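Take a look at the structure below.
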Amino acid sequence: MADKKGTEANTSTGVAIVDAGPSEIANKPGEPAFKLALSTKQIVFPCPIERKPVSVAIKIYNGSNDPQTFKVKCTSAEVFRVQPPLGVIKPNSTQEIVLWFQNKMRLEAPKHYFAFYHMKADNRTPKEMWANAKAEGVRRVPAIFEGPGAAPVAPSTISALKKQ
C-alpha cells in the first residue's frame, strides 16, 4: 500500500447517509437483499498516468436497531485492498471504508467489483462471526477506472456482469 491514510478510516459515526441504491450488478439467485445503506452505486478510481496507487472512501450506514457486522471482498486481492475488510457497525452509525486500487496495470472495468456482505453482529469478533456464517444482505458494486491512465468506461457496459 502506498501509505497508511486508510487506517484512520476505522471509526464509526452517527451520521446517516442516503442509500445510493442497488448497483447494475444483480444479486445471484437466492442471495438476500442488502439492508444497509451504501454511499455509492459504483466505485470510481481516478487513474493517473504515473501508475501510483489510488484510494476511494465510501460509507456504509446501519440504520437498524441492531449492530451489524460487514465484510467486503474484491475480485482480486493483488489489484485491490480494502481497509477495513471486516468490522462492526453500531446501530444508527456510519463506517468509512477505504478501497485501494494498486494501479499497476490497465484493467477492464466490467470485470471488477466489490462485494459487500452484512449480518446481525453478536459478541464475537468479526473474523469469528464470518468464519461459518451466511450473509443476511449482499450487494456488488462495480469498479470503474477513469482518468489519463485508464479509458473511461460507461456504467452501461457493466451489464455483462449481470450474466455471470
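The values are calculated or read from the model by the stated rules, or taken from the named source; none is laboratory data. For clarity, every value in this text was computed on a predicted model and none was experimentally measured. Positions of Cβ are generated from backbone atoms using ideal geometry, with glycine treated the same way; all protein chains shown enter the neighbour counts.
Being in contact (Cβ under 8 Å) with a residue 40 or more places away in the chain and either out of contact with any helix residue (DSSP H, G or I) (no Cβ under 9 Å at 6 or more places or on another chain) or not in a strand (DSSP E or B) (or both) is the filter; apply it to the range 129-142 and report the residue that is farthest from Lys71 (Cα to Cα). Don't jump to the end; show me each part of the working.
Here is the first cut: in the range 129-142, the residues in contact (Cβ under 8 Å) with a residue 40 or more places away in the chain are 129-130, 135-142.
Pick out the ones that are also either out of contact with any helix residue (DSSP H, G or I) (no Cβ under 9 Å at 6 or more places or on another chain) or not in a strand (DSSP E or B) (or both) and you get 129-130, 135-139, 141.
Details: Met129: 10, Trp130: 8, Ala135: 9, Glu136: 11, Gly137: 11, Val138: 10, Arg139: 11, Val141: 13 Å.
Restricting to residues being in contact (Cβ under 8 Å) with a residue 40 or more places away in the chain and either out of contact with any helix residue (DSSP H, G or I) (no Cβ under 9 Å at 6 or more places or on another chain) or not in a strand (DSSP E or B) (or both), the top hit is Val141.
Mind counting the residues in the range 53-66 that are touching an Asp or Glu at 6+ places or on another chain (Cβ under 6 Å) and outside any strand (DSSP E or B)?
Step one: list which residues in the range 53-66 are touching an Asp or Glu at 6+ places or on another chain (Cβ under 6 Å), which gives 57, 59.
From the residues that got through so far, the ones that are outside any strand (DSSP E or B) too are none.
Residues that pass the stated criteria total 0.
Which residue is nearest to Cys47 (Cα to Cα), if the candidates are limited to the range 77-128 and must be outside any strand (DSSP E or B) and of a type in the set (Asp, Glu)?
Glu108
So is Lys111 surrounded by fewer than 14 Cβ atoms within 10 Å (Cβ to Cβ), under 21 Å from Leu38 (Cβ atoms) and either modelled with pLDDT under 95 or among the β-branched types (Val, Ile, Thr) (or both) or not?
no
Within the range 64-100, track down each residue that is within 19 Å of Ala133 (Cβ to Cβ), among the polar types (S, T, N, Q) and surrounded by fewer than 18 Cβ atoms within 10 Å (Cβ to Cβ).
Of everything in the range 64-100, just one residue is within 19 Å of Ala133 (Cβ to Cβ), among the polar types (S, T, N, Q) and surrounded by fewer than 18 Cβ atoms within 10 Å (Cβ to Cβ), namely Ser64.
Check off (1) modelled with pLDDT of 95 or more; (2) surrounded by fewer than 17 Cβ atoms within 10 Å (Cβ to Cβ) for Tyr61 and give me the number that stays unchecked.
Looking at each condition in turn, Tyr61 falls short on (2).
Take the residues in the range 46-55 that are hydrophobic (A, V, I, L, M, F, W, C) and surrounded by 16 or more Cβ atoms within 10 Å (Cβ to Cβ), then tell me which one is nearest to Ala133 (Cα to Cα). Spell out how you get there, then give the answer.
Filtering the range 46-55 down to residues hydrophobic (A, V, I, L, M, F, W, C) leaves 47, 49, 54.
From the residues that got through so far, the ones that are surrounded by 16 or more Cβ atoms within 10 Å (Cβ to Cβ) too are 47, 54.
Details: Cys47: 36, Val54: 32 Å.
Ranking the candidates gives Val54 first.
Thr69 - would you say it is modelled with pLDDT under 95 and not in a loop (DSSP other than H, G, I, E, B)?
no
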